[in-house]
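One structure below.
Every read-out reported here was derived from the displayed coordinates using simple, explicitly stated rules and does not represent laboratory data. Predicted model, so just to flag it, every value in this text is computed and none were measured. A quick note on method: Cβ atoms are made from the backbone with ideal geometry, for glycine too, and the neighbour counts reach across all protein chains shown.
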Amino acid sequence: MLYCHANTGSVNILKSCLDTFSNLSGLTTNQAKNSLYLSGVDLDTQRDICEQLGFQQGILPVKYLGVPLISTRFKHADCIPLLDRILSRVKLWTSTSLTYTGRLQLIKSVLFSIQVYWSSIFILPCSIIKKLEGILSAFLWKGTSMSHTRAKVAWHSICYPLREGGLGIKNLKTWNKAAMLKHI
């Protein structure tokens with residue numbers, strides 16, 4: 001990602017840097033894989049900048065490293081790919097032969113780690129955290145059938161550490177807060 005002012009002078013400097021890099025390294029930019037994102041610029045300037053760089057203008061939101069780049073507050077709809085990824089992983093497993101301990105280990109090692117990356121970048125909406133906890137709980141108690149019958153133990157009790165009588169699963173809301181605090 002390269003950033004500059006949205007004027008032809010700044011874009012010209014950026015273009016000359018890319019050309020110099022290309023001449024020195026032998027690497028060139030792939031026009032099909034590059035996009036240009038402009039904000040607060042009139043249509044004539046946008047057209048001039050696009051022609052100058054030779055890139056197509058992209059539309060936000062766009063995904064970068066698997067997460068959406070957005071300029072507004074993170075919403076429920078933005079997290080649907082996270083939910084889909086966890087659900088698809090659960091549905092791949094045949095849990096009929098897995099014990100509770102086996103499913104617990106999969107939750108701790110695989111399913112929890114999928115949301116760690118998102119939690120370290122965004123403050124997840126409470127509705128998403130509740131849905132994630134519902135998916136994890138359903139998988140723990142019912143396996144891949146994911147039926148929503150009453151759990152044997154409340155989820156908040158399961159999230160206690162082992163020494164306090166829980167199963168050692170980390171609370172997603174607390175984890176999200178802790179992961180965001182590292183940015184401070």
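Values computed for the structure shown
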| item | result |
| --- | --- |
| Charge context of TRP141, other residues only, Cβ under 15 angstrom, K/R +1, D/E -1 | +3 |
| Spatial separation of Cα centroids for region 3-32 and region 70-87, in angstrom | 33 |
| Residue-count net charge about ALA179 - beta-carbon cut-off 13 Å; Lys, Arg +1, Asp, Glu -1 | +4 |
| Ranked list, fewest to most other Cβ atoms within 10 Å of each Cβ, for ILE70, ILE86 | ILE70, ILE86 |
| Residue among GLY40, GLY134, PHE74 farthest towards the positive dipole end of the chain, charges placed on Cβ | GLY134 |
| Cα gyration tensor, region 1-77 - rounded (a/c under 1.5), prolate or oblate | oblate |
| For SER109, SER35, order by how many other beta-carbon atoms lie within 10 Å, fewest first | SER109, SER35 |
| Cβ-based net charge around SER109, under 14 Å, with every Lys or Arg adding one and every Asp or Glu removing one | +4 |
| Label corresponding to percent of Cα pairs over 24 Å apart when calculated from the structure given, among [x] 43; [y] 64; [z] 55 | [z] |
